[in-house]
Each structure stands twice: as C-alpha cells, then as structure tokens.
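The values are calculated or read from the model by the stated rules, or taken from the named source; none is laboratory data. Since the model is a prediction, treat every value here as computed from it, not as a measurement. All Cβ positions, even for glycine, are placed from backbone atoms using ideal geometry, and neighbour counts span all protein chains on display. When the accessible area is computed, the model is the full protein with side chains, heavy atoms only, and any ligands, DNA or RNA have been set aside. Shrake-Rupley method; radii C 1.70, N 1.55, O 1.52, S 1.80 Å.
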Amino acid sequence: MKQINETLAELVGINSVSAHSNAEIVEYLERCCDELGLITQRFPYRDEHGIEKINLIALAGTEFSDNTEVELALVGHTDTVPYDPHWTEATHLTQRDGKLYGRGACDTKGFIAAALTAVETVDLSQLKKPLALIFTADEEIGLRGAKQLVEEKPLRMRYSIVGEPTSLKPIRAGKGYSLAEVIVKGREAHSAYPSLGASAVFRAARLINRLEGIATELQSDEHHAFDPPYTTLNIGLIHGGSAKNVLAGECRFTLEWRPVFPQHSAHLLNLLKAAIKEEMQADPDFRCEVDASRADAGFETPVDSPLIKLLEEATGIQAGTVAFGTEAAQMMEIGSEAVVIGPGDIREAHRTGEFVPVDELERCAEILSKSIKQLCRKD
C-alpha cells in the first residue's frame, strides 16, 4: 500500500497551474484509479485560449451509462494557483515539523491524496452502492470544470464530499460569488474648464456612494448560519481618467459580492440597475455599462442530512459555513447533498509556503474511508 505522503509528493510534483492543461495530472490519476480497480472516463473541453482541460470521473460498483447514479462522490480539483518561481519547494514536497510543504499541498492535492488512500483501504468488491471519484479542472479560475459537468451531467449522486482546506471541519453551506465590471462614461475636457465636460470619476463616485448604501441595506436580509450573516459587496479595483489635468472620460470599477444562500446573484444586480436609473434621472447625460461576468451560486445542506451527521461524528466537529465559493454548489446542481471538508487551513492556501499538517492529511483519509464504508457498504 502506497503511503499517503508518497502519493501527495507525486501529485505536488506535477505542475498543474490553471493556465496549463491538466492532462499530465489526469494521466497520473487514471493510473492510480486503474491500479485501485476503478473504471475511468475523461470529459474534456477547451478553455477560452484553446487549451485542453479535462474532468476525470472514476467509478466503483457501477459503469458509465446514460443514467449513471452513485451513492457518494469524492470531489477534488486538480488545478492550483501560480507560484513564485523562487519557491524551490513548490513542486518538491518537503516535510518539516509535522507539515508537508508544496503548491497544492492543502488546496487540494492533499484531499486528492487522502481520497485515493481511503479507496485503497476499502474492499471495492463489497460495495453495495456505487462510489465515484471526481477530479475537476479550472476550479481556481471560476469553477469552470465543475460548471462543465453541470452542463454535461454525466452522472447523478446522492451525496458528495468536496475537498477544500477546512482544517477537517465539515462545511454544510457556502455563500455564492459574483463579479461585475461597471463602466461609467463621461466627457473629456480641460480641467480648467470643467463646464465643457463631465467627469466620469465624479459620476462613478456618486454611484459607488449608492452602492455603499445598498451594502447597508443588504444587511437586513440575514442568514445567521453565515459569518457575516448577510450578503457582502466590495469594490476592490477602480481606474479612471487619462491625466491629472483632464476630466475623466471613463471610470471603471470591479464590483464583487457574495450572496447568502438562497439569495440570487441577480438581486444585487437589480439594486444596482435601480441605482443607475436614479442617477440617470438626476443627470440625463449619465451613461453606465454593467458587464456581469460571474454569478456562482451558494449552497446549503440541511443540518439533519445523514452526510452531515456522519462527518460530524467522524470529526467530532459541528458543521459550519464559509463565505467563499466552492464546487459544492455545482455538485448540488447535479443532484447531491454536499459537504465541504479537507485537510489544511484555507489561510495557508495560495501563498508561498503552503502546507498541510501530516496528522490532518492522515486523519482525512480515515474520515473518507469511514464515509465510503458507511454510505456505500450498507443496504
């Protein structure tokens, strides 16, 4: 039996940054699944740059068909964020002080290593209900692989465990994630003669002031399971104007919001459109474009779900919520009750020096093994 550290070292050794094809890591996972006795199928697509990306599904206890159904799916994404080229440990797993360092060690190659190890501890011939392993692409750049699976619907599942670094705390609900680029138009003029033009920056500032009011208004729609318990919004990027002595002809800003479940992403957009309409009434020359580029749904699994109870018992930790997006929402769209869990701390992800604690990695494999046995070996 391969040691979990060895599996993680091999996974980390494969550069699977989202900008590249994930074919190499998929080939590795195919070999692992074949050795474990699972059957696999690729679900490829091409990204906007024409690069092939692959979702891989491995099955035990059933075969691929037009109506494949499984009891449980373990879901992990194969891609990682980029890393500093000076970080020598990025693709060479290094152990120090009970921690394993490397890009993807906790987000989420550690979970994938734990899932493969868990399957190895189970006698698949004894499964009475089918199991799936789902390895997705492009999670880090918009959950694109999971969204592709939603479109294709290659299988249905009753339960799914989605890997993300939660320090092994079961997560039963997550906020959505939405983005929009807002472009406010003005008319350029010499700043010495402002009456000859209209500043797009001033116009954008008035609209942003309205958005701040909307942010306060949204706080009245509370979902107390979340922290904070309401939809948050943020303007993280803004750019306008061409020179210090020219009235800005354009100002654009990036609006981000995280809706509490089940509030729809469009709710904020409708409030924004109403604010724009009010600005147009006050200033008939006001012009604004909104490019809503992302609207990822949140998810929520009932507190009395058997999967929640199983994982709370296995971890000894009460299920909670997160304010960031995960692939659990897409798994829910495919038909499952979903829980997010995994080794490592999300605050250690995406940074130079990313690591996963060895004890959490090994414990995760035990939790996943127990989950498979309880959900897939019982009638």
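Descriptive notes on the structure:
- Of the residues making up region 131-166, those that are farther than 15 Å from Thr326 by Cα and open to solvent by 30 Å² or more (accessible area, probe 1.4 Å) number 5.
- Tally of residues being of a type in the set (A, V, I, L, M, F, W, C) and within 25 Å of Ala323 (Cβ to Cβ) across region 262-294: 8
- When Asp84, Asp34 are checked against the criterion of being modelled with pLDDT of 95 or more, part of a loop (DSSP other than H, G, I, E, B), among the acidic types (Asp, Glu) and open to solvent by 10 Å² or more (accessible area, probe 1.4 Å), a single residue qualifies: Asp84.
- Of all residues in region 322-339, exactly one satisfies the criterion of being hydroxyl-bearing (Ser, Thr, Tyr) and closer than 12 Å to Gly176 by Cβ, namely Thr326.
- Residues that are part of a loop (DSSP other than H, G, I, E, B) and β-branched (Val, Ile, Thr), drawn from region 48-81: Ile51, Thr62, Thr68, Thr78, Val81
- Cross-chain or 6+ apart pairs with Cβ under 9 Å, region 301-329 first and aromatic (Phe, Trp, Tyr), then outside any helix (DSSP H, G or I) and open to solvent by less than 50 Å² (accessible area, probe 1.4 Å): Phe324/Glu164; Phe324/Gly174; Phe324/Lys175; Phe324/Tyr177
- Checked against (1) more than 30 Å from Gly102 (Cα to Cα); (2) without any contact (Cβ under 8 Å) to a residue 60 or more places away in the chain, Arg351 meets all criteria but (1).
- Among the residues of region 167-177, the ones that are open to solvent by 20 Å² or more (accessible area, probe 1.4 Å) and either under 20 Å from Lys109 (Cβ atoms) or not basic (Lys, Arg) (or both) come to 3 in all.
- Residues of region 267-308 satisfying the condition of being open to solvent by 70 Å² or more (accessible area, probe 1.4 Å) and of a type in the set (D, E, K, R): Lys273, Lys277, Glu278, Arg287, Glu289, Asp291, Asp304
- Taken together, the criteria place Phe324 among residues that are open to solvent by less than 60 Å² (accessible area, probe 1.4 Å) and over 19 Å from Leu207 (Cβ atoms).
Table: residues versus (1) modelled with pLDDT under 95; (2) in contact with an Asp or Glu (Cβ under 7 Å, 6 or more places away or on another chain).
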| site | (1), (2) |
| --- | --- |
| Gly316 | no, no |
| Phe324 | yes, no |
| Cys364 | no, no |
| Cys376 | no, yes |
